[in-house]
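Bear in mind that the values in this text are calculations on the coordinates, not laboratory data. Just so we're clear, the structure is a prediction, and the values are computed from it rather than from any experiment.
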């Protein structure tokens with residue numbers, strides 16, 4: 001009997017699924033009812049909600065896998081090989097581990113090892129593999145991305161930017177990789193935004209104010225919210241067209257009413273982008289920009305010495321890099337080096353399933369080369385973070 005393969009990126013905000021036939025599916029992580037970021041989830045788990053958080057994510061995974069099986073006409077009883085790449089917190093919540101060690105310094109996970117779980121854990125036939133992690137805040141999703149990007153062959157310094165809720169970044173060569181996670185928050189994945197949405201059908205993914213306001217939605221669906229790429233476009237366009245100043249202050253009437261992104265459609269209310277949304281974007285982009293600056297400093301290289309920048313995460317496929325640089329998501333010196341890489345976490349899980357033995361060895365090598373940096377412990381972090389809040393002087 002055929003053994004079917006399903007790859008999963010278990011994100012804090014969005015779950016992504018694919019199989020060997022390249023059938024793809026995305027869905028929201030319903031744990032968001034307990035908070036949009038991992039800190040909120042950790043606190044909820046420590047406050048007695050661990051069993052419910054575990055059930056929510058198990059149900060989400062079961063539903064997503066069922067959708068893939070239906071779309072690809074996989075027989076209900078067919079054995080499955082499933083690989084899940086997730087951050088360390090999501091692994092703990094899925095497995096029902098205590099999050100107490102993740103709640104305070106020195107941030108000690110229950111385990112960072114690769115896990116092999118019987119399929120019946122998720123009410124599935126087959127076996128589930130969870131990627132190993134590197135630290136409390138650098139998880140298997142990052143290692144999966146490095147596997148896909150062949151970081152174990154990098155001769156010149158490269159930078160991986162995974163612009164999810166946790167803003168992970170890795171800089172270096174195959175000999176030495178330095179990783180950090182910055183608390184970007186969920187804004188760039190649509191979380192914490194009034195009309196925000198994940199990368200789902202109908203999410204506004206692009207926006208322009210040239211000539212007349214226009215927008216595009218994912219899969220051309222009816223507008224249901226604004227996802228990360230749309231949020232970046234909106235912010236850059238408002239800034240470039242004088243509807244917002246470089247401190248992030250919206251002009252009237254938008255400061256009071258919010259900026260209208262779409263009109264109402266049927267039962268769907270009009271989508272707006274508010275002053276509070278702008279502030280969320282400012283905090284996210286400043287955290288990421290500051291992280292890049294400090295990572296380069298600690299590694300001992302300049303922006304110019306970076307060979308390639310791999311832009312990953314939900315933003316990594318459709319992002320307008322010029323708009324991202326305009327709002328200060330990353331230094332402008334890196335603009336010409338950027339290679340949109342899509343969902344590297346999901347792609348790495350697919351590589352693992354197709355090349356299991358070699359992938360296990362490569363992951364071990366990547367773990368050995370990877371060192372983690374606690375950005376918040378660096379004395380310059382807070383000062384730099386505040387200095388990068390505005391949309392000016394970003395280079």
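Secondary structure note: in the stretch 4-140, about 55% of the DSSP beta bridges are antiparallel. When both bridge partners sit in the chain, DSSP labels roughly 55% of those beta bridges antiparallel. A viscosity of 0.890 mPa s and a temperature of 25 °C, combined with the Kirkwood radius over C-alpha pairs in the Stokes-Einstein formula, give the stretch 153-196 a diffusion coefficient of 211 µm²/s. The distance linking the stretch 87-132 with the stretch 255-305 is 30 Å (Cα centroid to Cα centroid, whole angstrom). Helical content alone sets the calculated 222 nm signal of the chain at -10000 deg cm²/dmol, taking -39,500 (n - 2.57) per DSSP H segment of four or more residues and averaging over every residue. What separates the Cα centres of the stretch 308-337 and the stretch 158-174 is a distance of 12 Å. Within the stretch 323-395, the proportion of Cα pairs with more than 22 Å between them is 54 percent.
Between 210, 152, 233, the GNM of the chain built on Cα springs shorter than 10 angstrom shows 210 fluctuating the most.
Between 192, 101, 291, the Gaussian network model of the chain with springs among Cα atoms under 10 angstrom shows the greatest mean-square fluctuation at 101. Equivalent-ellipsoid semi-axes for the stretch 287-371 (Cα gyration tensor, √(5λ), whole Å, largest first): 27, 18, 10. A compact globular protein would have a Cα radius of gyration near 2.2 N^0.38 Å; the ratio found for the stretch 4-140 is 1.02. Scaling against 2.2 N^0.38 Å puts the C-alpha radius of gyration of the stretch 79-235 at 1.24.
Between 249, 71, 149, where does the largest GNM mean-square fluctuation fall for the chain, given springs only between Cα atoms within less than 10 Å? Residue with maximal mean-square fluctuation among 249, 71, 149: 71.
Going from the alpha-carbon gyration tensor of the stretch 55-129, what semi-axes, largest first and in whole Å, does one get by taking the root of 5 times each eigenvalue? Semi-axis lengths for the stretch 55-129 are 28, 12, 9 Å.
Taking the alpha carbon gyration tensor of the stretch 172-225, multiplying each eigenvalue by 5 and rooting it gives semi-axes of 32, 15, 12 Å, largest first. When the scattering of the stretch 137-211 is computed by the Debye formula from its Cα atoms alone, each counted once and equally, what is log10 I(q)/I(0) at q = 0.21, 0.28 Å⁻¹? Taken in order of the listed q values, log10 I(q)/I(0) reads -0.92, -1.23. The alpha carbon convex hull volume per residue for the chain rounds to 139 Å³.
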